[in-house]
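Student: Mind looking over this structure? Questions follow.
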Amino acid sequence: DIEGDVQVQRQGAGAWIAATSGMEIWKGDRLETGSDGYVLITFFDGRVMEVESDTEISVEELRKDSGGSTTVRINQVIGSTLNRVENLIDSSSKYEVETLAGTAVVRGTTFGNDVERQDGITHTCVSTWKEEDGQHFVDFSNNGETVEIPEGKTACCWQGGVPGNPCLTDRDDKRANFTGGGGGGGCYGYGC
């Protein structure tokens, strides 16, 4: 599903090409959306990533082992994504979104990942959505520290810092209710 300007750079290629509906992306490929761009990526195991406008990602790992475990690892350089991951039954399976300011690892939930740069330093906020059974979370790690973000909460981290304590998420105004503790720094000057 593609809207507006969406470009793909194949591994080892210098040129960017226009993405098309049904196009496959592979390990080592990069994808970026323009100011009017949006793309929905469906991975081989049914996981979905919605890539919003002004976002750049690269595919670091896509693997399905003979035993059935799967790995999806994405590097999100800048911008916003929404990730929908069904419960991963195989304990060896994982879904990771890396940034310069932390890595979000999930076993089954919906979470948003927002990456910004301010004065050349990357800032990442990870937000989880409420699920019906209330048993889902995201592990958010940086610099050897990990916080567990339960449903309906957000944690942020500056590049070189550690993630802050999770706070309530207000998805209507994502500048409000973001974390400010634990060295993660508050988004947009807001704190818990």
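Student: Based on alpha-carbon positions alone, could you give the equivalent ellipsoid semi-axes of the range 1-124 from the gyration tensor, as √(5λ), descending, whole Å? Before the final figure, lay out the partial values.
Tutor: Details: eigenvalues 102, 62, 36 Å².
Each semi-axis is the square root of five times an eigenvalue, giving 23, 18, 13 Å.
Student: Which order do the peptides 118-124, 56-62 come out in when sorted by mean C-beta neighbours inside 10 angstrom, highest first?
Tutor: Working: 118-124: 15.0, 56-62: 18.3.
Put in order of decreasing packing, that is 56-62, 118-124.
Student: Could you compute how much accessible surface Arg107 exposes when probed at 1.4 Å, giving the result in Å² to the nearest 10?
Tutor: That residue has around 100 Å² of solvent-accessible surface.
Student: Ser91: accessible area at probe 1.4 Å, nearest 10 Å²?
Tutor: Surface accessible to solvent at Ser91 totals approximately 100 Å².
Student: Just by accessible area at a 1.4 angstrom probe, what is the order of Ser141, Ser92, Ser21 from largest to smallest? Mind dumping the intermediate values first?
Tutor: Values: Ser141 35, Ser92 75, Ser21 100 Å².
Of Ser141, Ser92, Ser21, the descending order of accessible area is Ser21, Ser92, Ser141.
Student: Count the net charge of all other residues whose Cβ sits under 14 Å from the Cβ of Val105, scoring Lys and Arg as +1 and Asp and Glu as -1.
Tutor: Numbers: positive: Arg47, Arg73, Lys94, Arg107; negative: Glu60, Glu61, Glu96, Glu98, Asp139, Glu145, Glu148.
It works out to a net charge of -3.
Student: May I pose another question? What is the set of long-range amide H partners of Arg107 at a cut-off below 5 Å, with H atoms built 1.01 Å from backbone N?
Tutor: When sequence neighbours closer than 5 places are left aside, the close amide H contacts are Phe137.
Student: Could you sort Met49, Met23 by their accessible area in this structure, using a 1.4 Å probe and putting the largest first? Don't skip to the end; give the middle numbers.
Tutor: Values: Met49 0, Met23 55 Å².
Of Met49, Met23, the descending order of accessible area is Met23, Met49.
Student: So how do Thr55, Thr42 rank on accessible area, 1.4 Å probe, biggest first, that is with the largest at the start? Don't skip to the answer; put the middle values down first.
Tutor: On the way: Thr55 0, Thr42 90 Å².
My answer, sorted largest first, is Thr42, Thr55.
Student: Could you work out how far the C-alpha centroid of the range 1-31 sits from that of the range 94-166, in angstrom?
Tutor: If we compute the Cα centre of each part, the gap is 26 Å.
The values are calculated or read from the model by the stated rules, or taken from the named source; none is laboratory data. All values reported here derive from a predicted model rather than from experimental measurement. Note that we place each Cβ from the backbone using ideal geometry, even for glycine, and neighbour counts take in every protein chain shown. Calculation scope for accessible area: heavy atoms of the full protein, side chains included, ligands and nucleic acids excluded. Shrake-Rupley method; radii C 1.70, N 1.55, O 1.52, S 1.80 Å.
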